[in-house]
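**Q** The structure's right below; bear with me while I get my questions together.
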Amino acid sequence: MPKVPFNRPHQTGFEIQNIELAHKLGQLAGDGRFTHSCHEWLESHFGCSKALLTHSCTAALEMCAILADIQPGDEVIMPSYTFVSTANAFVLRGAIPVFVDIRKDTLNLDESLVEEAISSRTKAIVAVHYAGVACEMDALKEICVRHQLLLIEDAAQALMSLYKGKPVGSIGDLAAISFHETKNIISGEGGAIIINNPIFSDRAEIIREKGTNRSQFFRGEIDKYTWVDIGSSYLPGELIAAFLYAQLDEAVRITRDRLNIWNSYHHFFEPYESQGLLRRPIITENCSHNGHLYYLLLENSELRDQFIAALKVIGVKAVFHYVPLHSSPAGIKYAQTSGSLKVTEDLASRLVRLPLWLGLNITSVQDSIRQALDSLDS
Ligand SMILES: *Cc1c(COP(=O)(O)O)cnc(C)c1O
């Protein structure tokens, strides 16, 4: 165990209390009282047509692919610099992910390259908000409207971030959120689908309930429930929702505390950036972010690897991030690329993520980082 782990899941102290209450209420399957409270919280935050808890962001993305009515051979535009689930959800429905390069500043999909990637088979664009920093949503939305494509947000890392004052996850037709323990607001494993375009609301409930109209039945809207569509079991049990509600209730404080650590890193690295040793994250004017992760870009991959190794010796766990999907075995098999992915390849090879969790002793970590940076032979 490193002295400073990369992540330590934060707990508010109210999780067990909520779980005890859920246990006492005796409804342990999904869609009980705590699930409803979580839905209300999310619907009020996003101002969306409907929000539904899922087992994971992966499950929410799979629901998005079903709702988008993806057929074999359809194409879906997305970055290669993302988590596997962004692509997998659509590949499971027979679609071909089409990878487009990312912007140098935000590491998000480069909106100026998206249009070249559109073909007659294109169905949707997936905007992944890396590090909780928003994609250029106005430009992406405009392209989607002009070409009649769906805009889906992979907002796994972006709960509580804003784009031009609007919650990230509230702009696309659909969005997926993650509550995995590595994210800001957590339930161990967990996620949610955010339905902004109301044409998807009723079908989303059915898909999440194994393709049945069970939710409508329990609301008394119909007198028997039956199999009406494809679907699966995407809803989490009440104990997970009880845990999650304790976290959602403190989302503002958790975000503020993470941003304090993020800002402390950002301030600390300013002189190093001025010396040309590294590049700090860039937050665009349109975005107010949620302090999800702090990364650095070193000059080259050798220095990046040396830096990670030097930190490891001192007991600080730092890690790189995505192996670009287009260079992975499944990416080669199932996906295509549009244009060059040089920015993706370059930045992925030079990026390092630093520990960022509530309770982290930031001064002591910064001392270790200073030591590690001094040891690099550049
Ligand atoms: C974490 C993450 C996911 C997957 O989230 P799960 O809840 O673990 O399924 C998907 N996309 C991105 C960009 C992520 O960071």
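**Q** If you go through region 45-57 one residue at a time, do you hit one that is touching a helix residue (DSSP H, G or I) at 6+ places or on another chain (Cβ under 8 Å), modelled with pLDDT of 95 or more and under 23 Å from His326 (Cα atoms)?
**A** Yes; the residues of region 45-57 include at least one that is touching a helix residue (DSSP H, G or I) at 6+ places or on another chain (Cβ under 8 Å), modelled with pLDDT of 95 or more and under 23 Å from His326 (Cα atoms).
**Q** Moving to a separate point now. What number of residues in region 145-174 are within 11 Å of the ligand (Cβ to nearest atom) and not in a loop (DSSP other than H, G, I, E, B)?
**A** Final tally of qualifying residues: 2.
**Q** Name, by its number, the condition in (1) over 21 Å from Lys123 (Cβ atoms); (2) away from the ligand (no atom under 14 Å from the Cβ) that does not hold for Leu67.
**A** (1)
Yes or no, residue by residue, for (1) crowded, with 19+ Cβ neighbours inside 10 Å; (2) within 17 Å of the chain's Cα centre (by Cα):
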residue	(1), (2)
Glu62	yes, yes
Ile77	yes, yes
Phe90	yes, yes
Ala95	yes, no
Lys104	no, no
Asn108	yes, yes
Glu111	yes, no
Glu116	no, no
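**Q** I would also like to ask the following. Restricting attention to region 178-223, which residues are of a type in the set (Lys, Arg) and away from the ligand (no atom under 16 Å from the Cβ)?
**A** Hits for region 178-223 are Arg203, Lys210, Arg214, Arg219.
Every residue, every condition in (1) farther than 30 Å from Lys317 by Cα; (2) not in a loop (DSSP other than H, G, I, E, B), yes or no:
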{"site": "Gly13", "(1), (2)": "no, no"}
{"site": "Ile19", "(1), (2)": "yes, yes"}
{"site": "Leu28", "(1), (2)": "yes, no"}
{"site": "Asp31", "(1), (2)": "yes, no"}
{"site": "Ser37", "(1), (2)": "yes, yes"}
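**Q** Given the residues Thr54, Thr35, which is the only one that is within 14 Å of the ligand (Cβ to nearest atom) and at negative phi?
**A** It is Thr54.
**Q** Taking region 316-337 as the region of interest, how many residues are more than 23 Å from the chain's Cα centre (by Cα) and small (Gly, Ala, Ser)?
**A** Matching residues across region 316-337 total 0.
**Q** Look through region 105-144, keep the residues that are assigned to a helix (DSSP H, G or I) and among the β-branched types (Val, Ile, Thr), and return whichever of them is farthest from Leu278 (Cα to Cα).
**A** Ile143
**Q** Restricted to region 42-51, and to residues that are assigned to a helix (DSSP H, G or I) and surrounded by fewer than 17 Cβ atoms within 10 Å (Cβ to Cβ), which residue is nearest to the ligand (Cβ to nearest atom)?
**A** Going through the qualifying residues, I end up with Glu43.
**Q** When you scan region 113-132, how many residues do you find that are within 30 Å of Leu296 (Cβ to Cβ) and within 16 Å of the ligand (Cβ to nearest atom)?
**A** 8
**Q** With the checklist (1) assigned to a helix (DSSP H, G or I); (2) touching a strand residue (DSSP E or B) at 6+ places or on another chain (Cβ under 8 Å); (3) buried (at least 16 other Cβ atoms within 10 Å of the Cβ); (4) not basic (Lys, Arg) in hand, flag the one item Glu273 doesn't pass.
**A** (3)
**Q** Quick one: Thr226 ticks every box in (1) within 30 Å of Ala131 (Cβ to Cβ); (2) more than 16 Å from the ligand (Cβ to nearest atom) bar one, so which box is it?
**A** (1)
**Q** Considering only residues that are outside any helix (DSSP H, G or I) and among the hydroxyl-bearing types (Ser, Thr, Tyr), look in region 70-103 and name the one that is farthest from the ligand (Cβ to nearest atom).
**A** By that ranking, first place goes to Ser80.
**Q** Quickly run through region 347-378 and pick out the residues that are crowded, with 16+ Cβ neighbours inside 10 Å and not hydrophobic (A, V, I, L, M, F, W, C).
**A** Ser349, Arg350, Arg353, Pro355, Gln366, Ser368
**Q** Further question: Just give me the residues in region 294-311 being among the polar types (S, T, N, Q) and under 27 Å from the mean Cα position of the chain (by Cα), in sequence order.
**A** Result: Asn300, Ser301.
**Q** Ok, one more. I'd like the full set of residues that are assigned to a helix (DSSP H, G or I) and modelled with pLDDT under 95, limited to region 212-254.
**A** Arg214, Ser215, Gln216, Phe217, Phe218
**Q** Return yes when Ala87 is touching a residue at least 40 places away in the same chain (Cβ under 8 Å) and closer than 21 Å to Lys183 by Cα and no when it is not.
**A** Yes.
The values are calculated or read from the model by the stated rules, or taken from the named source; none is laboratory data. This is a predicted model, so every value here is computed, not measured. Neighbour counts run over all protein chains shown; Cβ positions are idealised from the backbone, glycine included.
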